[in-house]
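Only one structure is covered here, and it is reproduced in the block below.
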Amino acid sequence: MRLKILAALLALGVAGTAQAQQKTEMKLAYFVGDQHAMSQWLIKWSEGLEKGSGGRIAVKRFPSAQMGPTPGHYDFARTGQADVSWFLHGGTPGRFPLTEIINLPFMVGSSEIGTKVLNDSQLRAKYLDAEHKGIKVLMLFTHQPGGPHTTKKAIRNLDDFKGLRLRFASPTVRDLVQALGATPVGVPPTEIAEQLQKGTIDGAFMDYGGVGIAFKLGGTIKYSTELYAYVTSFGLGMNEDFWNKLPADLKKLVTDSVTGKEAEVGQAWDSLDVPGKKAVMDGGGEGIRFPAAEMAKVRKIGADVSEAKVKEYEAKGMPARALYNEMRALSEKHSKTSKNFWN
């Protein structure tokens with residue numbers, strides 16, 4: 001009898017050891033190349049999971065939209081085609097209306113502020129997580145504030161927007177581009193360089209990090225008007241079934257890997273502004289700042305765009321006003337201890 005008990009215990013121990021050592025492949029999809037700052041963070045993050053799990057998690061990365069076009073990345077995680085994906089909220093217009101309120105003009109003055117606002121636990125629980133159905137939200141992000149970058153015509157005042165076709169990244173940015181007098185054009189990130197070179201678009205609303213580093217548009221972009229007017233939001237999400245199948249210790253590892261990382265990620269984005277600008281200037285570009293009076297007009301237009309969007313969402317029964325006010329309050333709070341491009 002004693003031998004049978006020992007044999008059973010030994011069998012359980014062997015099974016437990018085998019389970020502990022069993023590898024879980026995690027397919028990670030993102031739509032930009034590995035030179036992008038967010039890609040670098042994702043690589044570092046995924047390597048940390050591999051190391052922290054003792055090799056039990058093995059990450060297979062799919063950069064540069066290898067898994068499919070940018071608009072599909074949210075659904076890749078939702079359906080399980082990817083286990084984790086980094087996605088652009090504006091890639092599927094109208095799907096994340098409340099989350100995209102962060103993209104309204106002059107809402108936040110840096111990626112650090114924007115990322116802290118979006119990951120506020122009460123804000124997430126009250127408003128944002130419900131929009132991300134079918135995935136476990138690991139973290140939400142914004143890039144550093146951006147403005148218009150053009151190939152042939154400089155934008156030195158509001159009148160210069162007229163007649164320009166400018167790429168936008170989200171519906172709220174689209175509304176700003178239109179209000180400034182330009183024609184907004186939707187172009188996936190992977191096609192921006194080609195469309196600029198063909199002349200299909202005259203420029204793009206983007207941050208310096210995207211222009212100079214991520215998409216290497218130095219030499220193509222000739223004029224950069226430094227409005228620092230908006231941010232674009234992104235998310236990192238995990239397939240719910242994949243999450244549910246992880247053992248408790250690996251769930252804790254994943255949770256710990258994204259907890260309290262808002263400043264780290266935001267500062268990484270914001271740090272791209274200087275080298276991104278340098279890459280554009282080295283390619284023959286020119287940085288342009290609006291006079292104070294002209295900038296005041298831009299801010300007024302931005303405020304009007306924000307008010308119109310809030311009213312539009314309220315008319316559809318969304319708690320847009322309350323969320324807008326809470327985001328503004330959080331933005332002001334975090335601006336006191338974070339990088340702020342408006343200072």
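Size of the dipole of region 250-343 about the Cα centre, Lys and Arg at +1 and Asp and Glu at -1 on the beta carbon, nothing else charged, in debye to 20?
Roughly 220 debye, rounded to the nearest 20.
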Where labels lie 7 Å past Cα in the beta-carbon direction, separation of Ala263 and Lys251 in nm: 2.9
Among 218-225, 154-161, the order from most to least packed when residues are scored by Cβ within 10 Å on average: 218-225, 154-161
Length-normalised contact order for region 107-182 - Cα pairs under 8 Å, 6+ apart - percent: 28
Amide H contacts of Lys27 (H built 1.01 Å from N, under 5 Å, at least 5 apart or other chain): Lys60, Asp83, Val84
Karplus-derived 3J(HN,Hα), 6.51/-1.76/1.60, for each residue of region 326-335, Hz, glycine and proline x: 5, 5, 4, 5, 5, 4, 5, 4, 6, 5
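With a 1.4 Å probe and every protein chain kept in, tell me what percent of the accessible surface of region 17-149 is carbon plus sulfur.
Values: 2130 of 4560 Å².
That fraction is 47 percent.
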Carbon plus sulfur fraction of accessible area for region 198-294, probe 1.4 Å, in percent: 54
Charge dipole of the chain about the Cα centre (unit charges at C-beta), most positive-ward option of Ser335, Val185, Ile135: Ile135
C-alpha center-to-center spacing [region 102-179, region 299-343] in angstrom: 11
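For region 234-308, what is the accessible area per residue in Å² when the probe is 1.4 Å?
Values: 3740 Å² over 75 residues.
Ligands and nucleic acids excluded, the figure is 50 Å² per residue.
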For the chain, size of Cβ-based charge dipole, Lys and Arg +1, Asp and Glu -1, in debye: 460
Region 16-170: relative contact order in percent, alpha carbon pairs under 8 Å with at least 6 residues between: 20
Relative contact order (percent, whole number), the chain, Cα cutoff 8 Å, 6+ residue spacing: 24
Charge-dipole axis of the chain as Lys and Arg at +1 and Asp and Glu at -1 on Cβ define it, positive-most pick from Val59, Gly317, Gly283: Val59
Mean-position separation - Cα centroids, region 234-290 and region 21-91, in angstrom: 12
Chain lengthening between Glu314 and Arg95 when straightened (0.36 nm per residue, less Cα-Cα): 77.3 nm
Solvent-accessible heavy-atom area per residue, rounded to whole Å², over region 58-109 at 1.4 Å: 29
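The values are calculated or read from the model by the stated rules, or taken from the named source; none is laboratory data. Predicted, not measured: the structure shown is a model, and the values here were computed from it. Methodologically, a virtual Cβ is constructed for each residue, glycine included, from the backbone with ideal geometry; neighbour enumeration extends over all protein chains shown. Note: accessible area is taken over every heavy atom of the protein model, side chains too, but ligands, DNA and RNA are not part of it. Shrake-Rupley method; radii C 1.70, N 1.55, O 1.52, S 1.80 Å.
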